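Every number in this text was worked out from the coordinates using simple rules, so none of it is lab data. Since the model is a prediction, treat every value here as computed from it, not as a measurement. All Cβ positions, glycine included, derive from the backbone under ideal geometry; neighbour counts span all protein chains shown.
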Ligand SMILES: [Zn+2]
Ligand SMILES: [Zn+2]
């Protein structure tokens with residue numbers, strides 16, 4: 001009988017993936033680096049930009065709440081890629 005090549009061992013060594021509570025991605029703890037998690041440190045808000053120098057300009061007739069953006073970086077797309085990267089944070093980790 002031939003032994004299956006490459007079998008055995010691999011399964012038990014396989015790392016249990018964790019779920020990041022920040023970006024909701026699953027990741028392997030061993031490959032978690034400072035660049036792994038991409039997120040916005042602040043919330044997507046709906047109000048005027050604090051300073052009018054941001055790139056969103058309200059036009060005449062726009063209600064003041066027309067501006068929706070991430071408070072951290074001013075990105076106006078809720079699906080915009082995060083402006084900050086850091087280690088993924090699992091639900092097992094203590095609050096930072
Ligand atoms: Zn993450
Ligand atoms: Zn941001």
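Details
- Count of residues meeting criterion [part of a loop (DSSP other than H, G, I, E, B) and within 16 Å of ligand 1 (Cβ to nearest atom)] in region 66-87: 7
- Residue list for region 73-96, filter: more than 13 Å from the chain's Cα centre (by Cα) and within 14 Å of ligand 2 (Cβ to nearest atom): 73, 74, 75, 76, 77
- Of everything in region 27-37 that is over 11 Å from residue 89 (Cα atoms) and outside any loop (DSSP other than H, G, I, E, B), the residue that is nearest to ligand 2 (Cβ to nearest atom) is 31.
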